[in-house]
Structure formats: C-alpha cells, structure tokens
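The values are calculated or read from the model by the stated rules, or taken from the named source; none is laboratory data. In this text, all values refer to a predicted model and were calculated from it rather than measured experimentally. Every residue, glycine among them, receives a Cβ derived from its backbone with ideal geometry; neighbour counts consider all protein chains shown. Surface areas here come from the heavy atoms of the whole protein model, side chains and all, with no ligands, DNA or RNA. Shrake-Rupley method; radii C 1.70, N 1.55, O 1.52, S 1.80 Å.
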Amino acid sequence: MLSIWWVIVAFVIGGFAGVLVMALMQMAGGLPEQSTHAPDLNGVPW
C-alpha cells in the first residue's frame, strides 16, 4: 500500500527540482532570442 507520506515527499522533491531548473535557466541567461520574427498580419486584407 502506498503511503500518503511518499506522495507528499514526491511532490516536495518535484517542487525543489522545478525551482532548481528555473534557477539554473535564470543563471544561464534564459533561452536565446528568436532570430526570425513573426510577420506583421495587421495589414493583411482578409
């Protein structure tokens, strides 16, 4: 039988892992900017 404590521990460890990944991405400078921009569709007649 799965104890509720193991479920709580799994959520806590998952939360810490998520925070660690976000901190590492912030320290690394985040994702690179896109080199291509989406076209401006405001002037399209349809």
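Key figures
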{"item": "Flag for M22 being modelled with pLDDT of 80 or more, among the aliphatic types (A, V, I, L, M) and exposed (fewer than 10 other Cβ atoms within 10 Å of the Cβ)", "result": "no"}
{"item": "For L31: the one exception among (1) modelled with pLDDT of 70 or more; (2) loosely packed, with under 10 Cβ neighbours inside 10 Å", "result": "(1)"}
{"item": "The lone exception for A10 - which of (1) open to solvent by less than 100 Å² (accessible area, probe 1.4 Å); (2) modelled with pLDDT under 90 it fails", "result": "(2)"}
